[in-house]
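Just so it is clear, none of the values below were taken in a lab; they were calculated from the coordinates. Please read these numbers as outputs of a predicted model, since none were measured by experiment. Virtual Cβ from ideal backbone geometry, glycine too; neighbours counted across all protein chains shown.
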Amino acid sequence: MSALSLARGRPRRKAGAPPIEYSLLLTATLCLLAFGVVMVFSASSTTALLGSSGDSAYYLKRTLLFGAGGLLLMRVLSLRGARLIRPLTPVIVLVAFVLLFAVLAPGIGVVVNGARRWIGAGMFQVQPSEVAKLALVLYGAHLLASRPRMVTGRVGELMPYLGVVGFACLLIFLEPDLGTAIVCCVTTGAMLLAAGVRLRTLALLGAGIAVVALLAIAIEPYRMQRLTGFLHPSGDPSAAGYQAVQAKIALGSGGFFGVGLGASLQKAFYLPEAHTDMIAAVIGEELGLFGISMLVGLYGLFGYAGFRTAQRARDRYGKLLAAGLTSMVLVQAMINLFAVLGLAPLTGVPLPFVSYGNSSLLVMLAAVGLLLNVARGGRAAAASPARETASSRLRVVEGGRSPRAEPTRRRTIARSGTKGRNSRGGHGGTRRAGARRRRRASG
């Protein structure tokens, strides 16, 4: 009765009400988006007013416009995103590669600060590398869910996935955009870890990527300058270490509660790209340690809800998709914050939902829409029912068992259960025989 009373007294979620993970994801995203709108206006108002537009709200208007479009896209994908997107994954990957090739073609890609990363004109410019990030996560979730045995073998069995990721990263690297290529590689590693790939295999892949990254830094002078500026920012504070030094000055000037919203001095005259890559430094100066802590807390809330969504997803594809999208957001946020805080070299990666960037904002909100769909129990039709089942387990999001160990565990449980029943039957038979002998003796 007490257990029944406890069960009856336990609060239940209303029928049709979204789960707690859905609410946490939506809350964290909307708070980060609102935070970003305010800080983009604060960080860009002075430079925009003094620039060619002469409008202090120039970047604010563009952020609001693309933010509204991104929220509409997020809403659509939150309803039936997984079921709609999975059949379109090959098309999305193909479009991403076409854009990556196009941006490198002379006369098509738009060159800004020596990098050819955009396609289009005016306010309608697309950054293909942002589309490629999302496409690689979709492709990885689709492929690893369709072929769960890929993760139990050697590195060669992962080549259908690793080959596509490596080719995309090569094209992104040629723009050049090493920061986004690193985000793609680390996100891929997180998805493989969630899928159950051995740590030894991941360590081998990580070592290979590290060697390639070091070679990429060594052959390009400006990357070497960024690395030396990170290692010794005070060695050349007017050149290689300039941005890192100015970011530290902004963070140090903020103290605990900051100098006040809109009162930053660094954003107007000293800190380059204050409204994009270095917006966290402006937050630290204007809102202090309190503002940075709020920012980190919101990303922590997003990560908790995203990985809980992956753990509670209804099928293998949903688990991998949620784990990959959550990792993509968190990896990019960590790389940006580490660079601003002086814990990593500068890479030019924007802060998700907060930095100014139209393509980044649309892609991130689309990713959140897919996450919300998985959180509400959405699932995609299996690409091959013979190879993908609902019982396929993932090592990280379901407690540490690899797919290879699962059949062995089941056979062990079956054998132990049979043995237990036989042994109980044997003891029962002995007791019954003893009782019959006692009755004959008494008679």
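Values as computed for the structure displayed
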quantity	calculated
Size of the range 291-362 as Cα extents on the principal axes (Å, biggest first)	39, 26, 20
Residues A17 and R83, FRET efficiency given R0 of 22 Å [Cβ-Cβ distance, rounded to 0.05]	0.55
In order through the range 22-38: 3J(HN,Hα) via Karplus (6.51 cos²θ - 1.76 cosθ + 1.60), integer Hz, x for Gly, Pro	4, 5, 5, 4, 5, 5, 4, 5, 5, 5, 5, 5, 5, 4, x, 4, 5
Cα-projected label distance for A207 with T228, points at 7 Å along beta-carbon direction, nm	3.0 nm
Coordinate range along principal axes, alpha carbons of the range 86-351, Å, largest first	55, 45, 38
Ordering of 173-179, 289-295, 315-321, 110-116 by packing [mean C-beta count within 10 Å, highest first]	315-321, 173-179, 289-295, 110-116
Ranked by how many other beta carbons lie within 10 Å on average, peptides 266-277, 135-146, 221-232 from highest	135-146, 266-277, 221-232
For peptides 282-288, 358-364, sequence by mean Cβ density within 10 Å, most packed first	282-288, 358-364
Contact order normalised by residue count of the range 109-228, Cα under 8 Å, 6+ apart, percent	21 percent
FRET efficiency estimate (nearest 0.05) - Cβ-Cβ, R200 to F124, R0 30 angstrom	0.05
